Every structure is written in C-alpha cells, then in structure tokens.
1. Quick one: Thr41 ticks every box in (1) polar (S, T, N, Q); (2) more than 19 Å from the chain's Cα centre (by Cα); (3) part of a loop (DSSP other than H, G, I, E, B) except a single one, so which number is it?
2. Quick one: is Ala81 at pLDDT 95 or above, away from ligand 2 (no atom under 14 Å from the Cβ), in a helix (DSSP H, G or I) and over 19 Å from Ile9 (Cβ atoms)?
3. Is it true that some residue in region 82-96 is open to solvent by 40 Å² or more (accessible area, probe 1.4 Å), under 25 Å from Gly189 (Cβ atoms), in contact (Cβ under 8 Å) with a residue 60 or more places away in the chain and of a type in the set (A, V, I, L, M)?
4. From (1) near ligand 1 (Cβ under 10 Å from one of its atoms); (2) closer than 15 Å to Ile173 by Cβ, pick out the condition that doesn't hold for Tyr86.
5. Against the condition open to solvent by 80 Å² or more (accessible area, probe 1.4 Å) and either more than 30 Å from Asp126 (Cβ to Cβ) or of a type in the set (D, E, K, R) (or both), how does Arg281 come out, does it pass?
6. Against the condition at pLDDT 95 or above, more than 16 Å from ligand 3 (Cβ to nearest atom), closer than 28 Å to Gly189 by Cβ and surrounded by fewer than 21 Cβ atoms within 10 Å (Cβ to Cβ), how does Gln117 come out, does it pass?
7. Of the residues Glu134, Glu57, only one is of a type in the set (Asp, Glu) and within 16 Å of Gly14 (Cβ to Cβ); which?
8. Determine the pairs where a residue that is of a type in the set (Ser, Thr, Tyr), located within region 11-39, has a partner that is in a loop (DSSP other than H, G, I, E, B) with Cβ atoms under 6 Å apart, the partner being 6 or more residues away or on another chain.
Amino acid sequence: MREAFRKRILVTGGAGFLGSHLCERLLTQGHDVLCVDNFYTGTKDNIAHLLDSPNFELLRHDVTFPLYVEVDEIYNLACPASPIHYQHDPVQTTKTSVHGAINMLGLAKRVHAKIFQASTSEVYGDAHAHPQQEAYWGNVNPIGPRSCYDEGKRCAETLFMDYRRQHGLSIKIARIFNTYGPRMHPSDGRVISNFMMQALAGEPITVYGEGTQTRSFCYVDDMVDAFIRLMNTPEPFTGPVNLGNPHELSMLDVARRIIALTGSSSEIVFKPLPMDDPWHRQPDISLARDALGWSPVTPLDDGLRRTAQHFREVIDAMKMRSSQRSRAMA
Ligand code: NAD
Ligand code: UDP
Ligand code: UDP
C-alpha cells in the first residue's frame with residue numbers, strides 16, 4: 001500500500017539536465033516518479049543510475065502528443081533549453097512549449113493534479129528593467145531566432161494562467177534564470193559548458209561580443225530545491241516567481257574564473273555576438289525569498305568546481321569510447 005505522503009509525480013523532460021536532478025531528488029524524498037522524455041536533448045545516461053529504483057519509471061514519449069496517465073503532480077520541463085538546441089528545429093520548439101503545455105494542462109485537469117511550469121527569464125527578452133522583477137512584461141522580439149523559445153514559453157504561461165482562471169487548476173510557474181551544474185550537455189553551446197570544455201581541452205575560450213554582457217548563474221541543487229518548494233506552496237499562490245542567483249557577472253569574468261579554476265592554459269578569443277543576445281540579466285528574487293523562504297546557497301566557485309569535475313569525467317568517457325572504437329577497428 002502507498003504511504004499517505006508518497007505522491008505519484010510526472011516529470012516531463014526528466015532525462016534532461018534539470019529534469020534528471022529533479023527526478024533524483026523526488027525519489028530520495030520517497031515519491032514515485034514517472035519520467036517522460038523523447039530524448040531530443042536529454043540522454044539515458046542522465047538517468048541510468050535511477051533505472052534500478054522500484055519507484056522510478058521511464059517512458060519515451062513526445063509531449064506534443066496526448067498522454068494518459070494517473071498522477072498527483074506534474075513538473076513540465078520538456079523543452080530544449082540552450083539556444084543551439086532550440087534553434088535547431090524552431091517549429092518543434094514552439095510545438096513542444098505550446099502543444100506540450102496544452103496536453104499537460106489537459107492531463108492535470110482530468111486527474112486534478114497540481115502542475116508546475118518550467119518557464120524562463122527569456123520571457124523578459126532583452127530586458128529594459130534591471131534587475132528583472134516578475135511585474136516586468138518584457139522586451140521580446142516576436143520574429144527573431146530566439147522567438148520560438150521566448151514566445152513559446154510566454155504562450156505556455158498564458159495557457160497556465162487561463163487554465164487556472166477558466167478551469168480552476170492548481171498551477172505553479174517558475175521563471176528560471178541561467179542554471180549550471182553536472183549533466184549539462186557538453187555540446188549544448190551554453191556559456192558554462194562551452195568554456196569548461198574549451199578550458200579542459202586547452203582550446204581557446206570563445207567570448208562572444210566584448211564579453212561585457214552579463215548573466216547570473218544558479219547551481220542546479222539550489223534550483224531543484226526551489227522547484228520543490230514552489231510546488232509545495234499553499235493555494236492560492238501560483239507565481240510566476242523568479243528563480244535564480246542574483247550574483248551577476250560578465251562573460252569575460254566567467255571566462256577568467258573558469259580558466260583560473262581549471263588551471264587551464266587556454267587563451268580568450270572574441271567572436272561575434274549572436275543576434276538578440278540579451279545585454280544583461282539578473283533576477284530580483286524578493287518574491288522567492290518571501291513566498292518560498294528560498295535563496296541560493298552554493299557559491300559560484302564551488303558550483304563551478306563540481307561542474308568541472310563532471311566535464312572531466314565526460315572527457316575521460318569520450319576518450320575511452322574513442323580508444324575502444326580504434327581497437328575494434330584495428
Ligand atoms: P535539457 O535540454 O537538458 O532538458 C530538456 C529535456 O526535455 C530533454 O531531456 C529533452 O529530451 C526533453 N524534451 C524536449 N522536447 C521534448 C518533447 N517534445 N517531449 C518530451 N521531452 C522533450 O534542458 P534543461 O536545462 O534541463 O531545461 C529544462 C527546462 O527548464 C526547460 O523547459 C527549459 O526551458 C527550462 N529552463 C532551463 C534553464 C537553464 O538554465 N537550464 C533556464 C531557463 C529555463
Ligand atoms: N490530454 C492529455 N491527457 C489527458 C487529458 C487531456 O494529453 O489525460 C490532452 C488532450 O489531447 C487535449 C488537451 O490535453 O487535446 C487539452 O485537454 P482539455 O481537456 O483542456 O481540452 P479538450 O480535450 O477539450 O481539447
Ligand atoms: N556566450 C559566450 N561564449 C560562448 C557561449 C555563450 O560568450 O561560447 C555568451 C552568450 O552570447 C550570452 C551568454 O554567454 O551572452 C550566455 O549564453 P547562454 O547560451 O549560456 O545562455 P542565454 O543566452 O540563453 O542566457
């Protein structure tokens with residue numbers, strides 16, 4: 001018999017970077033976890049260590065198609081998150097955000113589940129307000145290369161709020177700012193993964209533009225903590241709530257820190273700034289502090305060290321696979 005506290009929790013995008021950490025944390029808390037993923041950017045490697053758990057189930061499924069399961073809570077994370085990945089097939093990105101949200105909201109409505117949406121700081125676009133507060137409506141280009149993601153996520157927020165107003169659903173919307181940590185995809189083109197892989201390989205570090213643009217980076221463990229706190233907030237709290245680390249720094253600073261931390265001999269090179277690249281980004285997390293009693297606790301250098309260790313292991317595994325291949329061909 002299931003204990004009263006034990007919930008059946010669906011995590012879409014559960015084989016991705018954030019999703020795999022979330023599945024892991026929910027299992028540790030004693031819940032039953034159903035991980036749904038189409039492996040577009042996520043991998044089985046990210047969840048391989050969970051497969052033996054009797055409380056963990058994996059389903060290969062694309063959220064743009066309907067899904068009929070019985071659950072108590074839904075964390076909707078399915079969506080490619082890095083610019084390279086979401087711009088690879090922009091139509092699919094919008095479909096995943098919008099059709100995926102409709103299907104997961106329809107599911108939540110049918111089974112009376114509470115539902116969490118992984119939204120993003122990108123809903124603020126190239127923000128004029130700084131730091132960004134939830135009340136800011138954003139400055140988003142509707143027709144640019146980032147629009148499939150930004151507008152898809154904005155539309156998903158609209159759907160969540162309308163299912164709330166129209167059907168009384170219990171919803172929680174998180175606006176996630178840049179997050180990093182182990183299990184980031186080594187070739188997702190995001191700044192931390194790029195700089196780490198380049199630094200560890202002794203290759204040039206590619207800073208875009210002059211490197212004066214800023215971001216604020218949150219360590220994955222802190223972010224997962226915030227997700228669960230948000231899901232557990234009492235009614236009528238819905239968010240949107242900013243989740244991120246307010247510690248803001250320039251991309252040139254990030255490059256220098258990673259070089260120092262990895263003891264790399266890499267030089268810094270400058271490349272053109274991508275179109276519509278937001279100029280600066282820093283969350284105002286007053287609401288998260290008040291409503292969730294949360295603020296990030298992992299210092300950047302600690303988080304970067306743990307992330308560097310992960311990328312070292314990734315590089316070792318790549319080398320091992322390549323030497324096995326050469327031996328097999330010899
Ligand atoms: P990720 O790419 O590692 O994970 C996304 C997961 O969704 C992958 O496992 C992918 O295979 C899966 N997926 C994609 N399309 C799908 C579909 N149609 N059906 C089923 N599964 C699908 O990215 P992440 O960094 O873990 O991001 C997770 C969520 O958090 C995303 O919704 C993203 O927009 C949001 N987010 C992340 C960040 C960040 O810094 N990591 C910032 C803001 C928002
Ligand atoms: N849906 C789903 N699983 C369910 C219930 C619904 O995937 O358990 C999908 C269904 O395909 C539908 C969407 O969610 O298209 C929206 O459902 P809703 O009930 O809001 O609208 P309707 O069924 O009237 O289109
Ligand atoms: N960036 C960079 N070099 C890289 C990758 C990214 O200078 O090799 C910059 C990018 O232009 C942006 C910032 O780092 O200004 C963060 O990029 P990322 O893709 O990680 O996230 P997002 O732009 O979605 O915040």
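The values are calculated or read from the model by the stated rules, or taken from the named source; none is laboratory data. Predicted, not measured: the structure shown is a model, and the values here were computed from it. Don't worry about glycine lacking a Cβ; one is built from the backbone with ideal geometry, like all the others, and counts go over all protein chains shown. Quick note on the areas: whole protein, heavy atoms, side chains included, nothing else; ligands and nucleic acids left out. Shrake-Rupley method; radii C 1.70, N 1.55, O 1.52, S 1.80 Å.
1. Exception for Thr41: condition (2).
2. no
3. yes
4. (2)
5. no
6. Taking the combined requirement at face value, the residue does not satisfy it.
7. Exactly one of Glu134, Glu57 is of a type in the set (Asp, Glu) and within 16 Å of Gly14 (Cβ to Cβ), namely Glu57.
8. Close Cβ pairs (under 6 Å, with a partner that is in a loop (DSSP other than H, G, I, E, B)) amount to Thr12/Val63; Thr12/Leu77; Thr12/Ala78; Ser20/Arg183.
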